[in-house]
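All remarks here apply to the structure that follows.
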Amino acid sequence: MKELVEVIAKALVDCPDEVVVTETETDRAIVLELRVAQSDMGKVIGKQGRIAKAIRSVVKAAASKEDKKVVVEIMQ
């Protein structure tokens, strides 16, 4: 899942070197924290959060094959 979020985020931003995804596994879910450069936040979130929602949908679909719950958080 981590690699999937990294690939999507790096394709969207101007500074792909600053994309960092950290994965934390809890008893209930896998939490993926996405960090990008401050200037790229708008590109990852999108208008009215549409791109962020699309990223979460893709990851959720990929995680459903493994019967896991995945939460994607976009951090500053």
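Each value in this text was obtained by applying a stated rule to the coordinates, not by laboratory testing. Note that the structure is predicted; figures quoted are calculated from it, not measured. Here Cβ is always computed from backbone atoms with ideal geometry, including for glycine, and neighbour counts include all displayed protein chains.
Structure values in brief
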{"read-out": "For the stretch 2-75, the spread of Cα positions along each principal axis, largest first, Å", "value": "34, 22, 17"}
{"read-out": "Only Lys, Arg (+1) and Asp, Glu (-1) charged, at Cβ; the chain dipole about Cα centre in debye", "value": "480 debye"}
{"read-out": "Sum of side-chain charges, D17 neighbourhood, beta-carbon under 14 Å (Lys, Arg +1; Asp, Glu -1)", "value": "-2"}
